[in-house]
Amino acid sequence: MFDVLVIGAGFAGSTAARRLAEGGKKVLIVEQRAHVGGNAYDEPDENGVLRHVYGPHIFHTDSTKAVEFLSRFTEWFPYEHKVLGYIEGKLVPIPFNLHSIEACFEPEKAAHLRKVLVDTYGMGTKVPILKLRESDDPAIKELAEFIFEHVFKYYTMKQWGYTVDQLDPAVTGRVPVSVSEDDRYFGNSFQQMPAEGFTQIFRKMLDHPNIEVQCGENAVPRLKPLPEEGKILWDGEEFTGPVIYTGILDELFGYCLGELPYRSLWFDVQSHAGDYQPVTTVNYPTPAEQHGYTRISEYKKLMKNPPAERTTIAVEYPFAYDRSAEKGNIPYYPVFTEESQEKYRGYKELADQIPNLYPLGRLAEYRYYDMDKITEHALEFAEELLK
Ligand SMILES: Cc1cc2nc3c(=O)[nH]c(=O)nc-3n(C[C@H](O)[C@H](O)[C@H](O)COP(=O)(O)OP(=O)(O)OC[C@H]3O[C@@H](n4cnc5c(N)ncnc54)[C@H](O)[C@@H]3O)c2cc1C
């Protein structure tokens, strides 16, 4: 009855489904949650606040392809994300920049540190903390140690459960030190949020006569991958069309090579009167004994027409993923260690033995994608498949 089977209705599955449907394919999407949208799902709460249920999502990109595609399903409003970090009792701009130096050091010392940083790396550059720490200049070294201690060290330990040294440098490289006075968190050319939220995008994207969506059902019990025979069964029968799988690969293969590690999150959602904090996100890069959480997000600051009276915040606690735990039972982020990547390669080899099975997205590919990147990737993937 259908040509393509898609597991998961997040950005990866929904974007691929839409493109394939427009290419004339009949697509069935099976989504285990009660709703579409994956981790970008948002819904209005009792305060009239559009809450991002799986953590705050900010759209920012330089990809014309992603913007053109998504703009078919939404209007946008300009939004430039700003983050403050709680450092020694003060709230200072994150990524750590020249303004942060002024907030953290006495004026004379701050002026000297600013000058050395600008002279060495150039105004407007972004420098990974690991590179800054390797500097031979004593002033830069001292600054690097301060930033490492107060911005990266404890945040990384809380976020990932590992020290910075144990993780792939790409993880800490994602939030560099910014040699500039630009307090925005992102530097992309397109920084806008969907006017009616992300969920509306998915509803419109999946509203196509060639797409059928089944929510509330885990697809794994209905799938049986047989790598040694190079095929995959759906409801007990061989399915020869493309199976686009956006869930976790270890689950699909019955954890036969052991469980892949993921980092999970739990949100303590609170309601308050008025406003809670000066910007959408305040990071707490402090030791776990001081603040057990990593950040607090205030959702109404992400809305076009926020309600005035009350506000909703989410206090974010990282956990090791454990599928049977009460808190931390959703796989949010792959954990990048050498061992985990080796194990993932084992699962990927099994998947590669089935020519019509396509792992797609941040879970199935075991890598981090922003929303724009996965949209672009899924579009290119579907276009290739249609050829
Ligand atoms: C806390 C957090 C904050 C983020 N913030 C940003 C941000 O600010 N900006 C940004 O650009 N990106 C952000 N991202 C990244 C963004 O969430 C991803 O780019 C996007 O979710 C990737 O889409 P996906 O479809 O690959 O995965 P997902 O959104 O996770 O979708 C996968 C879907 O598959 C479903 N599924 C899995 N297994 C099965 C199964 N067996 N059967 C049926 N359904 C299944 C899941 O329920 C889910 O709905 C953030 C991610 C997280 C975790």
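The values are calculated or read from the model by the stated rules, or taken from the named source; none is laboratory data. Only a predicted model underlies this, so the values are computations on that prediction, with no experimental measurement involved. Note that each Cβ is placed from the backbone with ideal geometry, even for glycine, and that neighbours are counted across all protein chains shown.
Looking at Lys26, Lys90, which is the one that is at pLDDT 95 or above and either surrounded by 20 or more Cβ atoms within 10 Å (Cβ to Cβ) or not assigned by TED's automatic domain parsing to the domain that holds Thr375 (or both)? Can you show your working first?
Working: Lys26 fails: either surrounded by 20 or more Cβ atoms within 10 Å (Cβ to Cβ) or not assigned by TED's automatic domain parsing to the domain that holds Thr375 (or both).
Going through Lys26, Lys90 in turn, the sole match is Lys90.
So is Thr311 in contact with a Gly (Cβ under 9 Å, 6 or more places away or on another chain), within 30 Å of Phe73 (Cβ to Cβ) and at pLDDT 95 or above or not? Can you show your working first?
Working: in contact with a Gly (Cβ under 9 Å, 6 or more places away or on another chain): yes; within 30 Å of Phe73 (Cβ to Cβ): yes; at pLDDT 95 or above: yes.
Against the criterion (in contact with a Gly (Cβ under 9 Å, 6 or more places away or on another chain), within 30 Å of Phe73 (Cβ to Cβ) and at pLDDT 95 or above), Thr311 qualifies.
Filter segment 119-134 for residues that are surrounded by 15 or more Cβ atoms within 10 Å (Cβ to Cβ), farther than 21 Å from Tyr185 by Cβ and modelled with pLDDT of 95 or more and give the result.
Correct list: Thr120 only.
Tell me, which helices (runs of 4 or more DSSP H) lie completely within segment 165-281 with 1 or more residues that are more than 16 Å from the ligand (Cβ to nearest atom)? Give the steps one after another, and end with the answer.
Values: elements: 169-173, 198-205, 249-252.
Correct list: 169-173, 198-205.
Do we find a residue being crowded, with 20+ Cβ neighbours inside 10 Å, among the small types (Gly, Ala, Ser), within 23 Å of Pro359 (Cα to Cα) and at pLDDT 95 or above anywhere in segment 216-227? Give the steps one after another, and end with the answer.
Keep residues of segment 216-227 that are crowded, with 20+ Cβ neighbours inside 10 Å, which gives 219, 223, 225.
Now narrow it down to the ones that are among the small types (Gly, Ala, Ser): 219.
Cutting the leftovers down to within 23 Å of Pro359 (Cα to Cα) gives us 219.
Still in the running and at pLDDT 95 or above: 219.
Scanning segment 216-227, I find at least one residue that is crowded, with 20+ Cβ neighbours inside 10 Å, among the small types (Gly, Ala, Ser), within 23 Å of Pro359 (Cα to Cα) and at pLDDT 95 or above, so the answer is yes.
So Gly274 clears everything in (1) under 30 Å from Phe146 (Cβ atoms); (2) at pLDDT 95 or above except one condition, right? Which one?
Status for Gly274: all satisfied but (1).
Looking at segment 331-346, can you tell me whether even one residue there is part of a loop (DSSP other than H, G, I, E, B), among the aromatic types (Phe, Trp, Tyr) and within 18 Å of the chain's Cα centre (by Cα)? Please lay out each step first, then the result.
First pass over segment 331-346, keeping only residues part of a loop (DSSP other than H, G, I, E, B): 331-332, 335-337.
Add one more test, that the residue is among the aromatic types (Phe, Trp, Tyr), and what stays is 332, 336.
Next, only the ones that are within 18 Å of the chain's Cα centre (by Cα) stay: 332, 336.
Yes: segment 331-346 contains one or more residues that are part of a loop (DSSP other than H, G, I, E, B), among the aromatic types (Phe, Trp, Tyr) and within 18 Å of the chain's Cα centre (by Cα).
I'd like the residue in segment 1-28 that is assigned to a loop (DSSP other than H, G, I, E, B) and farther than 14 Å from Trp234 by Cα and, out of all such residues, is farthest from the ligand (Cβ to nearest atom). Explain how you work it out, then say what you get.
Step one: list which residues in segment 1-28 are assigned to a loop (DSSP other than H, G, I, E, B), which gives 1-3, 8-10, 23-26.
In the following step, the residues that additionally are farther than 14 Å from Trp234 by Cα were identified as 8-10, 23-26.
Working: Gly8: 2, Ala9: 6, Gly10: 2, Gly23: 19, Gly24: 23, Lys25: 19, Lys26: 19 Å.
If we take residues in segment 1-28 being assigned to a loop (DSSP other than H, G, I, E, B) and farther than 14 Å from Trp234 by Cα, then Gly24 is farthest from the ligand (Cβ to nearest atom).
Which residues, taken from segment 108-144, are touching a residue at least 40 places away in the same chain (Cβ under 8 Å), in contact with a Lys or Arg (Cβ under 9 Å, 6 or more places away or on another chain) and over 13 Å from Val179 (Cβ atoms)?
none
Within segment 329-378, take every residue that is hydrophobic (A, V, I, L, M, F, W, C) and more than 13 Å from the ligand (Cβ to nearest atom) and give me the one that is surrounded by the most Cβ atoms within 10 Å (Cβ to Cβ).
This residue is Leu357.
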